[in-house]
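**Q** Sending over a structure as structure tokens; questions will come in a sec.
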Amino acid sequence: MKAQALVAAVLTLAATLTQVKAAHHEGDPSVKKGILLVTFGTSVPEAQPAFKNIDRLARARFPGADIHWAFTSRMIRKKLAARGEPVDSPTVALANMLEQGYTHVAVQSFHFIPGVEFHEVVRTAARFRGLGGFKQIDVGLPLLAGYDDVGRACATALSMAPAGRKPDEALVFMGHGSEHHGADLIYVATAAMLRERDALALLGTVEGHPTLDVVVAACKKANVKKAYLIPFMSVAGDHVRNDMAGDEDDSWKSVLTAQGIACEPVLTGMAECDTVVAIWLDHLDAVWKGLAAD
Ligand code: CO
């Protein structure tokens, strides 16, 4: 390389480093803040718009912040890696951030409830806190973390009803459900709040309470003849496409159809709705504002 070119390259590098420093340190050379967004993940390509939407809205809400991603599901990470699209686990993502010199990290879980997956994220963050590498690492709350959150999520869920819905047609929402102690009660509370707002808005879960039986019984009692099946999940992934809208005998569509209820699935993940993402980002904002406060 000629001397002149070398000098130019060094100057460019110096300028870049100065910019990076300015962006990261905000005047304090001992602080480098970063954000880690964590979801369960999906291997279904059609479910990607939901995560793209989260990423877009997070970048708009926290302009200039360094945003990293991790998926909690080992099975999904394995599938993606086999396709040549590797995504980090929360542990690997945090180890990389430590290596890259981050001092203060805000972790946001894009889970719905404080269930098994969310608590795993909290434990991972606690391990890194224990290692003492980061000066501060905190985790934002999941979507349904309080009464107001549930109300906002219900408002969005009801807004997902197709415009042509008639008053005697039911909205059947499919949530995930949880075995984690107490976490299912959030779905039971959400189901109650949905029904307060719309007598034919029914929420069930695939893997917990309320069950599909509860939904079917409510439909029969109200003599429902048609239902829209709508995900109460962040992405329209495997559960939505198979357990909710699939053609297998035990899918929600098949079970309800067998009861004489015509079904029309809506294949939109709730994370495609900006008003739901805003709830998570409010939780992230609370953690972000609390970073490096001392
Ligand atoms: Co599941």
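The values are calculated or read from the model by the stated rules, or taken from the named source; none is laboratory data. Remember, predicted model here, so these are calculated numbers, not experimental data. No Cβ is skipped: glycine too gets one built from the backbone with ideal geometry, and neighbour counts run over all protein chains shown. Accessible surface areas use protein heavy atoms only, side chains included; no ligands, DNA or RNA. Shrake-Rupley method; radii C 1.70, N 1.55, O 1.52, S 1.80 Å.
**Q** Of the chain, which part is the longest with no trypsin sites (Lys or Arg not before Pro) in a loop (DSSP not H, G, I, E, B) and with at most 10 other C-beta atoms within 10 angstrom?
**A** So the longest stretch without any such site is 84-294.
**Q** From the C-alpha coordinates alone, can you work out the Kirkwood hydrodynamic radius of segment 96-185, in Å?
**A** Numbers: mean 1/r = 0.0633 Å⁻¹.
About 15.8 Å for segment 96-185.
**Q** What residues qualify as long-range amide H neighbours of VAL206, i.e. H under 5 Å apart, gap of 5 or more or another chain, H built at 1.01 Å from N?
**A** GLY175, HIS176, GLY177
**Q** Among MET233, GLY151, ALA60, flag the residue with its Cα farthest along the positive direction of the charge dipole of the chain, charges on Cβ as +1 for Lys/Arg and -1 for Asp/Glu.
**A** Towards the positive end, the residue furthest out is ALA60.
**Q** Please list, ordered by chain and number, the residues whose modelled amide H lies under 5 Å from the amide H of LEU37; skip anything fewer than 5 residues away on the same chain.
**A** For LEU37, whose amide H was placed from the backbone, the distant partners under 5 Å are HIS68, TRP69, ALA70, GLN108.
**Q** Okay, next question. Got a sec to turn the phi values of segment 163-179 into Karplus ³J(HN,Hα) couplings, 6.51 cos²θ - 1.76 cosθ + 1.60 with θ = phi - 60°, whole Hz, x for Gly and Pro?
**A** Here the 3J(HN,Hα) series is 4, x, 4, 8, x, 8, 9, 8, 10, 9, 9, 10, x, 7, x, 8, 8 Hz.
**Q** Could you state the accessible area per residue of the chain in Å², with a 1.4 Å probe and every protein chain left in place?
**A** Dividing the accessible area of the chain by its residue count gives 49 Å².
**Q** Once Lys and Arg get +1 and Asp and Glu get -1 on their Cβ, which of THR42, ASN96, LEU267 lies farthest toward the positive end of the dipole of the chain?
**A** ASN96
**Q** Out of VAL255, GLY290, PRO167, whose Cα points farthest toward the positive end of the dipole of segment 145-294 (charges: +1 Lys, Arg; -1 Asp, Glu; placed on Cβ)?
**A** The listed residue farthest towards the positive side: PRO167.
**Q** Go from 0 up to the bin containing the longest alpha carbon distance in the chain, width 10 Å each, and give me the % of pairs per bin.
**A** 6, 25, 30, 20, 11, 5, 2, 1, 0
**Q** Size of the dipole of the chain about the Cα centre, Lys and Arg at +1 and Asp and Glu at -1 on the beta carbon, nothing else charged, in debye to 20?
**A** The calculation lands at about 680 debye.
**Q** Indicate the helices, whole DSSP H runs only, in the chain that combine a mean Kyte-Doolittle hydropathy of 0.0 or more with a Cα extent along their long axis of 15 angstrom or more. Write down the numbers at each step before the final one.
**A** Numbers: long enough: 3-25 (32 Å, 0.99); 48-61 (20 Å, -0.93); 116-131 (23 Å, 0.05); 147-159 (18 Å, 0.09); 184-197 (20 Å, 0.40); 274-289 (21 Å, 0.51).
The answer, listed by residue number, is 3-25, 116-131, 147-159, 184-197, 274-289.
**Q** Within 10 Å, at most 11 other Cβ atoms, and a DSSP state outside H, G, I, E, B define an exposed site. Report the longest part of the chain free of exposed GluC sites (Glu not before Pro).
**A** With GluC sites (Glu not before Pro) excluded where exposed in loops, the chain gives 1-178 as its longest stretch.
**Q** What pairs from LYS52/LYS78; LYS32/LYS78; LYS221/LYS253; LYS52/LYS225; LYS166/LYS221 go past 28 Å between their alpha carbons? Kindly include the intermediate steps, with their values, before the conclusion.
**A** Numbers: LYS52/LYS78 20 Å; LYS32/LYS78 31 Å; LYS221/LYS253 18 Å; LYS52/LYS225 36 Å; LYS166/LYS221 18 Å.
Over 28 Å Cα-Cα: LYS32/LYS78; LYS52/LYS225.
**Q** Same structure again: Counting only protein heavy atoms, what percent of the accessible surface of the chain is carbon or sulfur at a 1.4 Å probe?
**A** Here it works out to 58 percent.
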